[in-house]
């Protein structure tokens, strides 16, 4: 996690400078961007491990920028914004943001959240040890490839997923037909780096169902077991 590259995208140079000093003081490398064009250029240059993204990028909507990023990349995104609007938070998370921080913020909180998201993104839960079994998993006409963090739909097309969504899927497909509580899923995907009121799993569950269920409004692959948790009901086989 040390020397990870963080792209700080904010229209305000004072905020960029503040975050740069904070991150560089904690052994991270920093790049800066101030609009959609510079954000995408920095990502295209490669080697970005996390993006802190302001919702207000001048004439650009940060949600639109996040959506554009997520269409081509699974790089973790933390929204950093002055907009304390639940709709913006929900839309940001549904688009694929990994966390959300409201301005004004405490640098210690920002740093803690960045480290937490980096731990999650670099700690994908892999299937059991057999090399043959880790190549590919097939379920309901779909395929998941843990070593490459790829999910293929029923037509063999690549589905864009965030690191959090993929870790959640792997937690399920390596434990099919077992009831997993929300706390177990948090442990499997995030380790000990979560708070009691953390709703990340719930948001990721909604997004994951949209990507793997034939009818997300009536989920049959990932079912809710009232009062207990969730269960992946489908047969899973190595492929």
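The values are calculated or read from the model by the stated rules, or taken from the named source; none is laboratory data. Predicted model only: the values in this text are computed from it and were never measured. Cβ sites come from the backbone with ideal geometry, for glycine too, and all protein chains shown count toward neighbours.
Key figures
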quantity	calculated
Residue that is part of a helix (DSSP H, G or I) and within 25 Å of residue 159 (Cβ to Cβ), where the choices are 68, 38, 74	68
So residue 57, is it modelled with pLDDT of 90 or more and closer than 12 Å to residue 10 by Cβ	no
Those residues of the range 208-239 which are touching a helix residue (DSSP H, G or I) at 6+ places or on another chain (Cβ under 8 Å), free of Cβ contacts under 8 Å to residues at least 12 places away in the same chain and more than 24 Å from residue 158 (Cβ to Cβ), in sequence order	none
In the range 161-188, residue nearest to the chain's Cα centre (by Cα) [restricted to those that are assigned to a loop (DSSP other than H, G, I, E, B) and surrounded by 15 or more Cβ atoms within 10 Å (Cβ to Cβ)]	162
Residue count, the range 1-28 (criterion: part of a strand (DSSP E or B) and out of contact with any helix residue (DSSP H, G or I) (no Cβ under 7 Å at 6 or more places or on another chain))	1
Which numbered condition residue 107 fails, given (1) modelled with pLDDT of 85 or more; (2) surrounded by 20 or more Cβ atoms within 10 Å (Cβ to Cβ); (3) in contact with a helix residue (DSSP H, G or I) (Cβ under 7 Å, 6 or more places away or on another chain)	(2)
